[in-house]
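Written below as structure tokens is the structure these notes are about.
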Amino acid sequence: MELTMAAQDDATPWAIPPPSTATISMTLPSAEASHELPGRAYFSSLGVVRRKPSRPDAPSTLSKSCSDKIALKQTTSVLGSIASLLISPEHAYLQSLTLPESQYVPEGCDRCFGAQGRLKGLQIPGNGGYSFRTFNLMTTSKEFSHSRRDANGVSLPDGSVTPSNIASSWTPYSEETLIGGVLQGRKQNDPRGASAVSRRRMWELAKEVTKLLDAKVESLSPLGDERDDAKDQTYGDLKEIDLLQSRREAKELSKQVLSGWIRNDGDERFTLQT
């Protein structure tokens, strides 16, 4: 937030108004709505969870800022729910994070990620390989050629730089072009438009992996079960299985110190059949 404050013509902290009907327009419980902060507004409140996009004219979402998501990874590891069913998270934590020198504010980074910042006092029991891990913060003087600060002179007439909704996804096993997060040539909400790194595709891949394992590994049956009563299993159901109990506990303990974290529900009701 120090960078946001420095970019203002007047860096006087804004007063935080009481919750209004506009703030609670997302039908959140009153206890949660009181913490809802729109993007980068009210930068006088430090250490709280922020939402993105930060543009004030953008629709409100419950998608968390990148820094908040990275902070949560300090307890849940870099593995997602499905990957953690196949790989132990114990050695899957970030060891370092590199930032541009021009964007590095020690006080802000310590507050966000440090053991003495907003995560002070966070204790994770260590069940299932989960624990609270800090990482080293490093800086670089190199500037990404397509960053907002070094766009090689490519900009709009008003001097601004805007991101594109076209992206490329590449792995040793797949190469994709995505438009708005969907495979090029496919429509939104079309299951065939899901990227190889989407939750649906990762679920399908994990299911295939379990089929290659010894059939005696019954603990992985939630991923590979072909019974009729399992075909209606949703992604949300999968995340609630007993094998992920330690991960859920680590997340809940983290959210207690990440002030204002609201669970983003409503997009986990899909199955592999729909």
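Tabulated values for the structure
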| quantity | calculated |
| --- | --- |
| Segment S169-F144, extension gain: residue separation times 0.36 nm, minus the distance between their alpha carbons | 7.2 nm |
| Computed lengthening from Q8 to D190, 0.36 nm per intervening residue step minus Cα-Cα distance | 61.3 nm |
| Long-range amide H partners of E143 with built H, under 5 Å | none |
| Nitroxide proxy distance, nm - points 7 Å out along Cα→Cβ at Q273 and E107 | 5.7 nm |
| Set of lysines with alpha-carbon distance to K211 below 21 Å, sequence-local pairs under 8 removed | K231, K239 |
| Dimensionless Rg/Rh of region 36-152 - Kirkwood Rh, Rg from C-alpha atoms | 1.00 |
| Label zone at E176 (point 7 Å along Cα-to-Cβ), backbone N below 17 Å, region 59-79 | none |
| Förster radius 22 Å - calculated FRET efficiency between S60 and R201, Cβ distance, rounded to 0.05 | 0.20 |
| Region 233-270-region 121-149 distance, computed between alpha-carbon centres (Å) | 21 Å |
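A short reminder: the numbers here are calculations on the coordinates, not readings from a lab. What you are looking at is a predicted structure, and each value in this text was computed from that prediction instead of being measured. Every residue, glycine among them, receives a Cβ derived from its backbone with ideal geometry; neighbour counts consider all protein chains shown.
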